[in-house]
Structures are given as C-alpha cells and as structure tokens.
Amino acid sequence: MEKTKKWFWIGLKTSITLLCFYFLYDQFQSQNIFFDDLVIPRYFVPILSLQFFLMILNWYLEILRWKISVNVVEGISFKQAVIDVLGGLTMNWILPFTTGDFIARIVSKKDKYQTSAAILLNRAIMLSLTLVIGVYGVSWLLEDQFDWYYVLGSLMLVLFVLTAIYKVLPKKINSYFKGLEKQILLRILGISVGRYMVFFLQFIILLKLFNLDLSIELLAAGIGWIFFVRSSIPSLLGGLGLRETSALIFFKDTVNDLGTIVFPVFILWLLNTALPSIIGAIMLWKLKSHNSMDSHNIA
C-alpha cells in the first residue's frame with residue numbers, strides 16, 4: 001500500500017511537471033520566441049551578484065528560524081540546523097507535499113512530538129503568508145484589480161483554520177505551543193516576515209530589470225500568484241516548470257516578450273532552489289558516509 005501511494009505521488013508530480021514543460025514549449029513555439037533573442041539588461045551581472053547575496057540571506061533566515069523554533073524542544077547547533085533545512089529541501093524533490101523536509105528535520109530529534117509541533121508552527125506561518133499574498137495575486141488575475149476585502153477575508157479564514165487545528169492537536173504536540181514564550185514566537189514571526197520580504201525583493205528586482213514598464217503593484221500580485229501556485233500544486237525538480245508556467249499565465253497578456261518573464265523566474269529557481277538543494281545533497285551524502293564509517297568501526 002505504501003509503495004502504491006509513493007508511486008502515485010511520483011507519477012502525479014511527474015505528470016504535472018511534464019504538462020508545465022509542454023505548456024511552456026507550446027507558448028514559446030506559438031509566438032516564435034527563443035532565449036537567443038533575449039536582450040540581457042545592462043546591469044544584469046551586478047544584479048545577479050546581489051541576488052546571490054539575497055539567496056544566502058534567505059536561507060540563513062530559514063535556518064535561524066528553525067534553530068530558534070526547535071531550541072524550545074532541544075538545543076541544536078547551527079550546523080545541524082543547516083543539515084535539517086537544506087537536507088529537507090533536497091528530499092522534497094522526490095517526496096510529496098514537503099514530507100522530505102519533515103523527515104529531515106525530525107529524524108535526529110529525541111522528542112518527535114515536540115519537534116513536529118515546531119515544524120507545524122513554521123509551516124503554518126509560511127502557509128498563512130502564502131495564502132494572504134496569494135489571494136492578492138488571484139484577485140488581480142481574475143479582475144485586473146485589487147480589493148482589500150480579499151485579504152481581510154483570507155486573514156479571517158487563516159485565523160479560523162489555525163484555531164480549529166490547534167484545538168484538535170494531540171496534547172503532546174499542544175504542549176509545545178503552551179510552553180512557547182511570547183518573545184520567541186515574535187522572533188519567529190519576525191524572521192518569517194523578513195524571509196518573505198527577501199523572496200519578494202528577489203523577484204521584484206529581477207522581473208523589474210527585464211520589464212521596466214510593469215508596475216510594482218502588478219509585479220507583487222504576480223509574485224503572490226506564483227508563490228500560491230507553487231505551494232498548492234505538487235511537482236518535481238523543486239518546482240521547475242511550475243513556477244515558470246504560473247508566471248506565464250499571470251503575465252502573458254501584459255508583456256510582449258515571454259522570455260522576460262520566464263528567464264528571471266528560472267534564474268531564481270537556480271539560485272533559491274537548485275543550488276541550495278545541491279549543497280543539501282552533498283551534506284546528506286557526507287553525513288551518510290560518516291555514519292557508515294562509524295558503524296563499520298564499531299562492528
């Protein structure tokens with residue numbers, strides 16, 4: 001049964017990824033657009049250097065947030081937090097619905113229930129931000145405008161769902177939240193918002209660099225839509241193809257050259273997902289090799 005479920009999710013993610021690639025190919029072929037024709041902006045290299053710095057800041061904030069969250073349960077080193085976060089990012093390429101991230105973060109911890117609560121807290125915060133900002137993007141996509149009642153409605157929905165989940169949590173998990181100090185919670189919230197701001201800054205800088213005529217409001221809405229789609233739909237390769245497809249769906253009627261949308265999104269995938277995933281894979285491989293050597297020496 002477990003093998004059937006595993007292959008089902010792999011098949012689903014593969015199908016979605018292939019459909020996204022076909023959609024991108026079809027769009028580019030129908031408009032005779034090729035990356036060879038893409039004009040690279042003058043300040044692309046220094047901007048790329050800035051993006052690399054923001055990528056480091058992005059994952060530093062995530063690692064710091066995880067370390068603070070799990071230190072409520074048991075103390076971990078910064079190195080272990082790096083392995084947990086980047087190793088989980090690597091495992092998410094195969095396992096469905098970010099279960100790879102869950103396994104990587106929980107496997108080395110003594111109290112699985114309390115650690116699960118720390119993971120739940122982190123995910124709830126990020127998913128809430130994604131939902132609220134995603135609603136902002138969806139409202140633009142559907143009506144070419146934005147009304148604040150969409151955000152207010154989504155905030156109310158988020159609070160209702162989080163309250164309902166909290167009430168049905170097992171006591172062993174609930175105890176984490178009861179013992180969580182307000183100051184620590186505020187730090188976690190602050191880091192989460194800061195990380196989202198880094199996300200947004202990365203996207204806006206690159207998209208604006210290639211599309212100077214697009215407004216910041218429209219770019220922000222498109223980014224919210226991309227985040228929402230990426231978090232809602234499973235895919236392979238860390239979302240490669242899905243991000244570009246969602247960006248194309250949102251911006252295709254507002255830009256003349258589709259490459260100016262797809263190329264920046266692809267660059268951010270390389271920086272924010274592919275590169276950290278490779279680092280995470282190397283760290284997991286070294287950890288596995290080290291553990292194998294230790295087991296061999298004991299034997």
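The values are calculated or read from the model by the stated rules, or taken from the named source; none is laboratory data. All of these numbers come straight from a predicted model, not from anything done at the bench. Every residue, glycine among them, receives a Cβ derived from its backbone with ideal geometry; neighbour counts consider all protein chains shown.
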- Across region 66-94, what is the total count of residues that are assigned to a helix (DSSP H, G or I), within 18 Å of the chain's Cα centre (by Cα) and within 20 Å of Lys286 (Cα to Cα)? 11
- May I ask you to list the residues in region 172-188 that are modelled with pLDDT of 90 or more and surrounded by 15 or more Cβ atoms within 10 Å (Cβ to Cβ)? Leu185, Arg187, Ile188
- Every pair of residues 6+ apart whose Cβ atoms lie under 6 Å, when the first sits in region 1-22 and is surrounded by 12 or more Cβ atoms within 10 Å (Cβ to Cβ) while the second is modelled with pLDDT of 80 or more and of a type in the set (S, T, N, Q): Cys20/Thr245
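Residue-wise test of (1) touching a helix residue (DSSP H, G or I) at 6+ places or on another chain (Cβ under 7 Å); (2) closer than 26 Å to Ile249 by Cβ; (3) in a helix (DSSP H, G or I); (4) modelled with pLDDT of 80 or more.
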residue	(1), (2), (3), (4)
Lys3	no, no, yes, no
Lys6	no, no, yes, no
Leu12	no, yes, yes, no
Leu19	no, yes, yes, yes
Gln29	no, yes, yes, no
Val39	no, yes, no, no
Gln51	yes, yes, yes, yes
- Task: Return yes when Thr245 is among the hydroxyl-bearing types (Ser, Thr, Tyr), closer than 16 Å to Phe23 by Cα, part of a helix (DSSP H, G or I) and in contact (Cβ under 8 Å) with a residue 40 or more places away in the chain and no when it is not.
- Result: yes
- In this structure, is Arg230 in a helix (DSSP H, G or I), closer than 17 Å to Leu95 by Cα and in contact with a helix residue (DSSP H, G or I) (Cβ under 7 Å, 6 or more places away or on another chain)? yes
- Message: I'd like the full set of residues that are more than 20 Å from Leu38 (Cα to Cα), touching a Lys or Arg at 6+ places or on another chain (Cβ under 9 Å) and not basic (Lys, Arg), limited to region 195-218.
- Response: Ile216
- Under 7 Å between Cβ atoms, at least 6 apart or on separate chains: pull out the pairs that start in region 187-202 with a residue that is in a helix (DSSP H, G or I) and end on any residue that is buried (at least 20 other Cβ atoms within 10 Å of the Cβ) and of a type in the set (Gly, Ala, Ser). Ile188/Ser69
- Query: Inside region 210-227, can you point out the residues that are in contact with a helix residue (DSSP H, G or I) (Cβ under 6 Å, 6 or more places away or on another chain), touching a residue at least 40 places away in the same chain (Cβ under 8 Å), within 18 Å of Met197 (Cα to Cα) and not aromatic (Phe, Trp, Tyr)?
  - Reply: Ala221, Gly222, Ile223, Gly224, Ile226
